[in-house]
Amino acid sequence: MMQTISFSLFNIPSIVRGSPPPTTTILRRKTTSSRRLSPVLAVASPTITSPSRHQVTHSMPPEKLEIFKSLEPWVSENVLSLLKPVEKCWQPIEFLPDPSQGPEQFEEEVRALRQRVLGLSDEYFIMLAGNMLSEDALPIYQTRFNTWDGVGDETGSSPCPWAIWTRAWSAEENRHGDLLRTYLYLSGRVDMLMVEKTLQYSIGAGINIGAENNPYMGFVYTSFQERATFLTHGNMARLAREGGDPVLARICGTIAADEKRHENAYTKIIEKLLEIDPNTTMLAIAKMMKKRITMPLHLMYDGQDPNIFQHFSAISQNQGVYTSRDYAEILEFFIIRWELEKLQGLTTEARQAQDFVCGLPRKIRKLDNRAKKLESPSTKFSWIFNKQVNV
């Protein structure tokens with residue numbers, strides 16, 4: 001028999017993973033500025049309605065729409081090719097106990113799964129539940145992407161290459177949440193009723209990544225986010241292997257591989273935009289970095305604790321799954337990959353943006369070295385666990 005902590009005392013985190021605090025863009029007198037949200041505004045309100053705040057929308061000049069229209073053939077050739085045919089994609093059942101093998105075999109496989117997870121810490125399951133919630137909140141991500149000017153799916157089944165990518169990307173990502181949710185359910189380590197309530201609250205709360213319906217800014221965000229997710233799932237695979245669950249390690253590693261492939265797609269898009277419109281793209285990169293990249297479920301709420309996002313971030317930071325150091329390294333990776341330091345012929349404003357972005361990793365590391373270890377008492381997440389689980 002496995003002893004665990006009561007789920008009713010504990011709050012579930014999201015994939016936020018120790019990223020810098022969320023920000024919002026405030027529109028005042030025809031100018032925009034970024035300010036850090038207070039802890040209360042960084043999470044969903046108890047009424048599910050997102051906090052009221054002024055936001056910049058549709059900031060891309062209309063004449064830029066033609067750029068994204070002209071890129072459709074390029075997307076078909078260079079981005080859609082990174083998708084996998086459905087028949088060649090893995091499916092969740094391949095990693096899970098198979099009920100079609102008969103009840104005795106199924107029960108034996110479930111018992112083996114529960115035995116494997118005994119070596120994994122409570123903190124690990126906090127992070128796994130958070131990752132699952134982030135992956136399972138896919139509907140709000142696809143909805144958000146379809147609000148970006150010039151690349152949205154206007155009909156729900158548009159033949160536009162941008163729309164084809166978004167739908168197929170969503171279909172591939174959908175398997176991640178399905179697999180993690182089922183594994184959590186079968187493990188018996190978490191209170192699934194509370195997990196599912198948290199998911200419903202969080203989807204209802206929505207998402208605000210600060211992209212302003214602007215695809216330049218949106219694709220900067222997705223490039224960064226996919227790489228962060230790749231690193232997170234990779235670290236979760238490592239911890240699962242060390243904790244004695246090779247199957248869960250393979251699950252997290254497989255999901256990480258998907259995220260890496262998706263990262264490559266979004267990274268290519270920014271590379272192309274830098275080639276054909278370097279000034280606007282450089283400004284978009286700087287603007288997103290000034291706002292700071294927030295993880296998708298920064299509006300997470302569980303019906304009880306308005307600070308759940310920060311709690312999960314602290315756990316993730318302290319466990320080394322996603323840290324402020326990772327944030328700096330991701331930015332440094334893209335500076336090199338996109339050759340931002342080598343850009344020539346920029347406007348004065350774009351050169352200033354270039355200097356800001358290229359100097360940012362050093363500043364982040366300096367702050368990281370001075371930061372104290374975040375507090376992350378496991379009692380803040382006690383509701384995530386069942387009191388008893390029979391193996």
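Read-outs: derived from the displayed coordinates by stated rules, not from any lab. These numbers come from a predicted model, not from an experiment. Reconstructed Cβ throughout: ideal geometry from the backbone, glycine too, with neighbour counts over all protein chains shown.
The table that follows gives values for the structure above.
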quantity: From the C-alpha gyration tensor of the stretch 218-263, square roots of 5λ in Å; calculated: 24, 9, 5
quantity: Net charge contributed by nearby residues that have their C-beta within less than 14 Å of Ala265 (K/R +1, D/E -1); calculated: 0
quantity: Per-peptide average of other Cβ atoms within 10 Å, ordering 257-267, 202-212 highest first; calculated: 202-212, 257-267
quantity: Relative compactness, the stretch 99-147, computed as alpha-carbon Rg over 2.2 N^0.38 Å; calculated: 1.73
quantity: Under-5 Å amide H pairs with Val190, H placed in peptide plane, nonlocal only; calculated: Asn386
quantity: Calculated over the stretch 124-163: convex hull of Cα atoms, volume per residue (Å³); calculated: 74 Å³
quantity: Residues whose placed amide H lies under 5 Å from that of Leu297, excluding near-sequence neighbours; calculated: Ile15, Val16
quantity: Cα point-scatterer Debye curve for the stretch 122-211, base-10 log of I(q)/I(0) at q = 0.12, 0.19, 0.25 Å⁻¹; calculated: -0.44, -0.89, -1.22
quantity: Mean separation of Cα contacts under 8 Å, 6 or more apart, over the residue count of the stretch 104-186: relative contact order %; calculated: 37 percent
quantity: For the stretch 257-303, alpha-carbon Rg and Dmax in angstrom; calculated: 14.3, 47
quantity: By average C-beta atoms within 10 angstrom, highest first, the peptides 99-106, 242-249; calculated: 242-249, 99-106
quantity: Whole-Hz couplings from phi, Karplus 6.51/-1.76/1.60, listed for the stretch 318-325; x for Gly and Pro; calculated: 6, 8, x, 7, 8, 10, 5, 5
quantity: Pairs beyond 24 Å (Cα-Cα), from Lys88/Lys260; Lys69/Lys268; Lys197/Lys290; Lys84/Lys272; Lys84/Lys342; calculated: Lys197/Lys290; Lys84/Lys342
quantity: The stretch 90-98 - phi-based ³J(HN,Hα) in whole Hz, Karplus 6.51/-1.76/1.60, Gly and Pro as x; calculated: 6, 10, x, 4, 5, 10, 10, x, 9
quantity: Per-residue HN-Hα couplings for the stretch 56-69 [Karplus 6.51, -1.76, 1.60; θ = phi - 60°; Hz; x = Gly/Pro]; calculated: 7, 10, 6, 7, 6, x, x, 5, 6, 4, 5, 4, 6, 5
quantity: Local electrostatic count at Asn174 - Lys and Arg +1, Asp and Glu -1, tallied over other residues with Cβ under 10 Å; calculated: -4
quantity: Ordering of 276-282, 296-302, 71-77 by burial proxy (mean other Cβ atoms within 10 Å per residue, highest first); calculated: 296-302, 276-282, 71-77
